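What follows draws every value from the coordinates through simple rules; no lab data is involved. What you are looking at is a predicted structure, and each value in this text was computed from that prediction instead of being measured. Quick reminder, even Gly has a Cβ in these numbers, built from the backbone with ideal geometry, and neighbours come from all protein chains shown.
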Amino acid sequence: MPAEPLPQFLSSVKLKYVKLGYQYVMNNMLTFLLIPVMVAIVLEALKLDPDELVALWRSLGFNALHTLCTVFLIIIIATAYFMSRPRPVYLVDYACFKPARNCRVPFATFLEHARLMPFFDEKSVRFQVRILERSGLGEETCLPPANHYIPPNSSMEAARAEAELVIFSAIDELIAKTGIKPKDVDILVVNCSLFSPTPSLSAMIVNKYKLRSNILSFNLSGMGCSAGLISVDLARDLLQAHPNSYALVVSTEIITPNYYAGNERAMLLPNCLFRMGAAAVLLSNRRRERGRAKYRLLHVVRTHKGADDRAYRCVYEEEDGDGNSGISLSKDLMAIAGEALRTNITTVGPLVLPATEQLRFLVSLVARRLGARGWKPYIPDFKKAFEHFCIHAGGRAVIDELQRSLGLSAANVEASRMALHRFGNTSSSSLWYELGYIEAKGRMRRGDRVWMIGFGSGFKCNSAVWRCLRTVNTPVDGPWSECIHRYPVHIPEVVKLL
Amino acid sequence: MLLMELLVIISTILLLYSLLSFVWKAFDRWRNQNCYLLEYICYKPSDDHKLPTDLCSEIVIRNTRLSLSDYKFLLKVVVNSGISEDTYGPRCIVQGAREECPTLDDCFEEVNDCMFTTLDELFHCTGVSPAAVDVLVVNISMFAPSPSLTSRVVNRYKMREDVKTFNLSGMGCSASPVAIDLVNNIFKSRKRTLAVVVTSESIAPNWYSGTDRSMMLGNCLFRSGGCSFMLTNDPSLKHRAKMNLKCLVRTHIGADDDAYNCAMQKEDDDGRVGFHLSKNLPKAAVRAFSKNLQRLAPKVLPVGEQALYALRTLRHRLWTSKVVKVDAKSTAAARVNFKSGVDHFCLHTGGAAVIEAVGKALGLTKYDVEPARMTLHRWGNTSASSLWYVLGYMEAKKRLRKKDRVLMISFGGGFKCNSCLWEVLRDLQDGGVWEDCVQDYPPQTLVNPFMDKFGWINEENINTEGRNIPSHINI
């Protein structure tokens, strides 16, 4: 069923915009008052000649003590002002896991394995193939080694092996890129939704890289495909409390223990779409990193629709009739994603839209309120606020829905489609593969703003806004380096396999 | 000219106003630095969850793969565990006999019962509406479904859309201070925030059904339990708060391979998943503990005690002819009197041996370790939430008075040792989950009823007549 078009959200947003505008004016009242006064003083001073100015100065009766006190006062105010500002969070660099070629799962392999699995019946095989044909995935997506066995090996040992492979590769590459010493990492946040051993994956990283004993480590689990941005949000909060620190954020999804071995259709979808991937991101609030940091984090907005039962149940882990556990995706997924996005952008909109857009929106709002019927509702154009969009590559349908909802062009969603094609749905790390695509294509310029949108079970919609601090020059070392020249590719609606 | 003077006066007034507003902002931020504990509610399962000794032995015997020596080992562990007849287990094991093949619904039932019972009571006691919660942290180490347990809570209580949720997992028995650390850090950049933390452990999906002895210990010691607590940094709620967080120290020695591998969830030789506790565990615990104390001592001890410690260490270094490496630190630590800066000690109830060892290291008396030992006796090892049961005991015994300082210490897989120091804000006297039984504590004797029933298993020649021994055991 088609989701409601965007204008419907305006009704819920009116009061919010007015409140925000009022808050903006109140917060900056001082600036609004001081500036005209200062301008007036300067204008007045310009009218007088130098002698009169000197006479004026003398008449004020300032002696050395007064002057000194005033200067100190101004310095104290300036210092207090700068210290009260929130610490900037810089993204120094990031690295994505590049799978080896022997982990590839071309369509033919997928089809053959599905046929050979003892637990799939003929209908399930045909269903999975139909999904794959329309999925938007390419022939180079990768599954972990354990999933290449027939039947797949879902032991804990194999899951740990996959975790070590993807996470350590990504972190090794990040260390090589940034030159950071493991002992310098102060904060570690790891998110992996479907695999959570004890000791945690964060402890595994501490062990491998010999991180310090006073590290602040957090291991988030079960939070779905939007967990990458939750980790970034947590790292940002931690960096506000700890000056001069480095935060290492690792986002991944471990596929090995989650292969669904049953015949329930709603639960077969993840088998077809989820692929191996990981990303390691280095964040910092050190001022000296500003010189080499790639991006600066401007906003993170989190929206949780779990209070609504339909939204809560749309991505749900459960057991089928035979006791096989898997993740069931409901048919409402697109509609719910659209709703969650609308709620998210009512908060993001006022933070990022340029003043002209907000003014136009306010004017149209006021005009319609006052009864002028000629005015059509004005939909803010998000393309004016951002140069690049990274939409979670959940599947072709999600990207299509978001493109329609936000009124984006094919060029805006190209990064998402190509990342889905080359790497599949790598869950929380997909946003970083998409960012890598934009950089590898040489499109990232200094001053560009990037909007990352992630969706996940719960139902959550999280978004982050980054500003690029330096132009990224090609060629870029990363998972796209060998294949970027072949992209973009045209992805047909249906790839005929059977 | 007049206009000029007027303008100068106006700009001076505005500058003064801005200075005052910045001073106010700084003061406000300083006021919001505190982390207050409003209330904590421990989980008390219903009586149909009880795991008395008869049932324990029945469950042990149900595992047909065990040999006689395994039984002897298990019973010895249980006898020395310090656990009573009143501890609780998950319903699917106690009543359903489904320990080897728990369904997802069994796991959810166990977790739902704990989370929702305690949260209902928490919201009722504090009078806070779930819609007022800004931050939600759920910490259950060995069960992480999709959608996460935080989403489960958000769905059940219809929390707001902008609630910040964090689902911590895999962080072991020391995860309570980790959750508090997370919330405390968020408080530093947000004003008037309310946070709810739920901490528990999931036993149903993690029962070990194999024959590896190092993994069977978990089955014997872990019991059902949990706690929900509410934290805030709003100064206006200070009068209702129970305690105020003074400092928190986290130590992670995972960099050392032995420490990392000493408590690990893995598969045994037959492919069954269990929680392996190695023989290196006590050594790793000691190292983590001493590292944690080194960082904790300056924050907790009064200046006088720190000076004394410095003097003692100096004297020891200068006047001792032999160079004693490791012992110097541990004996010097033992000579530090933590009781000068701390009034009450909440020790993680990892086991009788752990409590004794920590008590000895800190120089604690029987009175000081009593809450931890009694908690172990009444509730077993409830993993991350055990600290809150210990705190509940102290409160029920009316030991917590205004201005007292409480130190919580916990250990967990990884290997981590986390500690936090609280200051009590008012005289506390809630019975909580101990209300119906605290008058029976401490009991006259802690002799384990297992000893009476199963002591015969240690005999040389076992007389099998009249004993209820299953047929698959060869004696």
| task | Write down the Å³ per residue value for the convex hull defined by the alpha carbon atoms of chain A. | result | 194
| request: Just need the relative contact order of chain A here, percent rounded to a whole number, with Cα pairs under 8 Å and 6+ apart. | output: 20
| How long is the gain from A:Asn324 to A:Arg58 if the chain were fully straight, where each residue apart is worth 0.36 nm and the alpha carbon distance is subtracted? | 86.8 nm
| message | Pairs of alpha-carbon atoms within less than 8 angstrom and 6+ residues apart define the contacts here; what relative contact order does segment A:365-453 have, in percent? | response | 37
| note | Between the residues B:Gly412, B:Leu51, B:Gly432, the Cα farthest towards the positive end of the dipole of chain B, that dipole coming from +1 and -1 charges on the beta-carbon of Lys, Arg, Asp and Glu, is from B:Gly412
| query | Using alpha carbons only, how many degrees (0 to 90, rounded to 10) separate the axis of helix B:68-79 from the longest principal axis of chain B? | reply | 40
| DSSP loop GluC sites (Glu not before Pro) with at most 16 other Cβ within 10 Å excluded, longest remaining stretch of chain B | B:101-434
| message | Among B:Cys42, B:Ser224, B:Val94, whose Cα projects farthest towards the positive end of the dipole of chain B, with charges put on the beta-carbon of Lys, Arg (+1) and Asp, Glu (-1)? | response | B:Cys42
| Karplus (6.51, -1.76, 1.60) ³J(HN,Hα), θ = phi - 60°, over segment B:227-240, in Hz, Gly and Pro reported as x | 8, 10, 9, 10, 10, 8, 10, 7, x, 6, 9, 4, 5, 9
| remark: Quick numbers on segment A:48-124, Rg and Dmax over C-alpha atoms in Å, give 37.1, 100
| request: Per DSSP H run of n ≥ 4, the term is -39500 (n - 2.57); total these for chain B, divide by its residue number, and report the mean residue ellipticity at 222 nm rounded to 500 deg cm²/dmol. | output: -13500 deg cm²/dmol
| said: Please compute the alpha carbon radius of gyration of segment A:214-356, then divide it by the globular-protein estimate 2.2 N^0.38 Å. Two decimals is fine. | reply: 1.29
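Let me know the charge dipole size of chain B about its Cα centre in debye, to the nearest 20, where only the beta-carbon of Lys, Arg (+1) and Asp, Glu (-1) is charged.
The dipole of chain B has a size of about 2540 debye.
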| Going down the table (B:Lys164/B:Lys191; A:Lys208/B:Lys279; A:Lys183/A:Lys294; B:Lys164/B:Lys402), which pairs top 26 Å between alpha carbons? | B:Lys164/B:Lys402
| task | Treat every Asp and Glu Cβ in segment B:53-199 as -1 and every Lys and Arg Cβ as +1, leave all other atoms uncharged, and give the resulting dipole magnitude about the Cα centre to the nearest 20 debye. | result | 680
| task | If a cysteine in chain A has no other Cys Cβ under 4.7 Å from its own Cβ, put it on the list, ordered by number. | result | A:Cys69, A:Cys96, A:Cys192, A:Cys225, A:Cys272, A:Cys314, A:Cys390, A:Cys461, A:Cys468, A:Cys483
| said: Suppose only helical runs count, i.e. DSSP H with n ≥ 4. What mean residue ellipticity at 222 nm does that imply for chain A under -39500 (n - 2.57) per run, divided by all residues and rounded to the nearest 500 deg cm²/dmol? | reply: -14000 deg cm²/dmol
| Spherically averaged projected area in nm², based on the convex hull that wraps the Cα atoms of chain B | 31.2
| request: Loop only per DSSP, at most 15 neighbouring Cβ atoms within 10 Å: give me the trypsin sites (Lys or Arg not before Pro) in segment A:371-459, ordered by residue number. | output: A:Arg373, A:Arg445, A:Arg446
| note | Computed for the protein assembly as shown: size of charge dipole around the Cα centre, +1 on C-beta of each Lys and Arg, -1 on C-beta of each Asp and Glu, debye to nearest 20, value 3760
| Over the protein assembly as shown, with a single point scatterer placed on each C-alpha, what log10 of the ratio I(q)/I(0) does the Debye formula yield at q = 0.06, 0.07, 0.08, 0.09 1/Å? | -0.49, -0.66, -0.84, -1.04
| query | Per-residue HN-Hα couplings for segment B:267-274, Karplus 6.51 cos²θ - 1.76 cosθ + 1.60 at θ = phi - 60°, whole Hz, x for Gly and Pro? | reply | 8, 7, 5, 8, x, 8, 7, x
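Which values, in whole Å and largest first, are the semi-axes of the equivalent ellipsoid of segment B:81-127 obtained as the square root of 5 times each eigenvalue of the Cα gyration tensor?
25, 17, 6
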| field | Binned Cα-Cα distance frequencies in segment A:305-375 - 10 Å width, integer % | value | 16, 27, 23, 19, 9, 6, 0
| request: Mind pulling the angle between the C-alpha long axis of helix B:303-319 and the longest principal axis of chain B? Nearest 10 degrees, somewhere in 0 to 90. | output: 60
| Extension gain A:Ile76-A:Ala108, at 0.36 nm per residue separation less the Cα-Cα distance, in nm? | 4.5 nm
| task | For chain A, find the longest principal axis of its Cα atoms and tell me its angle to the long axis of helix A:122-134, 0 to 90°, nearest 10. | result | 30
| remark: For segment A:290-442 (alpha-carbon point model, no solvent) the Debye-based log₁₀ I(q)/I(0) at q = 0.19 Å⁻¹ works out to -1.32
| query | Label point 7 Å out from B:Glu435 along Cα-to-Cβ: which residues of segment B:100-141 have amide N under 19 Å? | reply | B:114-128
| message | Please list the three semi-axes, largest first and in whole Å, of the ellipsoid equivalent to segment B:1-69, using sqrt of 5 times the eigenvalues of its alpha carbon gyration tensor. | response | 77, 14, 8
| message | Take chain B, mark every one of the trypsin sites (Lys or Arg not before Pro) that falls in a DSSP loop and has at most 11 other Cβ within 10 Å, then report the longest stretch left between them, sites excluded. | response | B:66-278
| message | Using the Cα centre of chain B as origin and beta-carbon charges of +1 (Lys, Arg) and -1 (Asp, Glu), tell me which of B:Leu7, B:Trp379, B:Met142 is placed farthest towards the positive end of the dipole. | response | B:Leu7
| request: Determine the relative contact order of chain B: mean sequence separation of Cα pairs under 8 Å and six or more apart, normalised by residue count, in whole percent. | output: 21
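Across chain A, where is the longest run that never hits GluC sites (Glu not before Pro) in a DSSP loop with at most 14 other C-beta atoms within 10 Å?
After excluding every exposed loop site, the longest remaining stretch is A:140-481.
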